[in-house]
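Comments concern the structure below.
Computed from the coordinates by the stated procedures, all read-outs in this text should not be read as laboratory data. Note that the structure is predicted; figures quoted are calculated from it, not measured. Every residue, glycine as well, gets a Cβ built from its backbone with ideal geometry; the counts of neighbours run over all protein chains shown.
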Amino acid sequence: MEGLARKGIIGLMLVMVVMITVEGASSNLHKVGVRGWIPNYNYTEWLNQQHEHFYVGDWLYFVFDKHYFNVLEVNKTSYESCNDQGFIRNITRGGRDVVELTEARLYYFLSSGGYCWNGMKIAISVEQLPPTPAPAPAKSGSSLTLSSTTASLMILSAAFYVALI
Ligand SMILES: *[C@@H]1O[C@H](CO)[C@@H](O)[C@H](O)[C@H]1NC(C)=O
Ligand SMILES: *[C@@H]1O[C@H](CO)[C@@H](O)[C@H](O)[C@H]1NC(C)=O
Ligand SMILES: *[C@@H]1O[C@H](CO)[C@@H](O)[C@H](O)[C@H]1NC(C)=O
């Protein structure tokens with residue numbers, strides 16, 4: 001019984017530590033497109049409908065079929081002309097790929113293989129985080145809070161750790 005109570009207290013403490021650690025981190029994971037990264041879709045229109053803000057430290061999440069499509073970061077000129085040569089960065093890994101937006105600037109992504117011509121291009125304007133952390137703005141449907149996901153994972157592993165004690 002005593003051991004059980006000890007486990008309970010340690011578990012509670014771990015969860016509290018986790019919650020304190022997570023508080024303050026507010027980077028968002030933005031899934032690109034309603035149905036992911038696909039051709040014949042206007043991502044500029046999608047952005048206009050979202051009214052979503054992208055801040056430094058946020059992440060983009062591209063979901064696509066890696067057998068056909070990819071995600072390359074390019075410069076403005078290449079974005080406008082659908083030029084997939086001499087890209088800046090290759091984001092492609094397994095088709096469920098993330099990229100961190102580390103600077104306040106415009107980011108340009110496209111898919112090579114000619115799919116850029118079918119609309120697979122997106123320009124994301126990344127803003128500096130607002131200076132005062134205002135009350136949490138209402139999140140739109142496709143924006144997932146990374147911190148809460150991380151929190152659940154950490155609580156899970158904390159529970160697992162307690163079970164091992
Ligand atoms: C996509 O939508 C934007 C904004 O509505 C528009 O300016 C642009 O021409 C569209 N692109 C295509 C390829 O239809
Ligand atoms: C953009 O990238 C292309 C391809 O690497 C390059 O030819 C071009 O000079 C670059 N443009 C600018 C403005 O950096
Ligand atoms: C991008 O990276 C992926 C995974 O490493 C690779 O399979 C693919 O060939 C690369 N694409 C280009 C255009 O370099």
Of the GluC sites (Glu not before Pro) in region 21-94, which ones lie in a loop per DSSP and count no more than 13 other C-beta atoms within 10 Å? Glu23
Residue by residue, what Karplus-based ³J(HN,Hα) values in Hz, rounded to whole numbers, does region 53-63 have, using 6.51, -1.76 and 1.60 with θ = phi - 60° and x for Gly and Pro? 9, 10, 10, 4, x, 6, 10, 9, 10, 9, 10
What length, rounded to one decimal in nm, is gained on full extension from Gln85 through to Gln49, with 0.36 nm per residue of separation minus their alpha-carbon distance? 9.9 nm
Antiparallel DSSP bridges in region 27-132: what percent, to the nearest 5? 75 percent
Plugging the Kirkwood radius over Cα pairs into Stokes-Einstein for region 27-132, at a temperature of 4 °C and a viscosity of 1.567 mPa s, what D comes out in µm²/s? 94 µm²/s
Going by C-beta contacts inside 10 Å, put Cys82, Cys116 in order with the fewest on the left. Cys82, Cys116
By how many nm would the segment from Gln128 to Arg96 grow when fully extended, if each residue of separation counts as 0.36 nm and the alpha-carbon distance is taken off? 8.9 nm
Can you pull out the chymotrypsin sites (Phe, Trp or Tyr not before Pro) in region 57-89 whose DSSP state is coil and whose Cβ has at most 12 other Cβ atoms within 10 Å? none
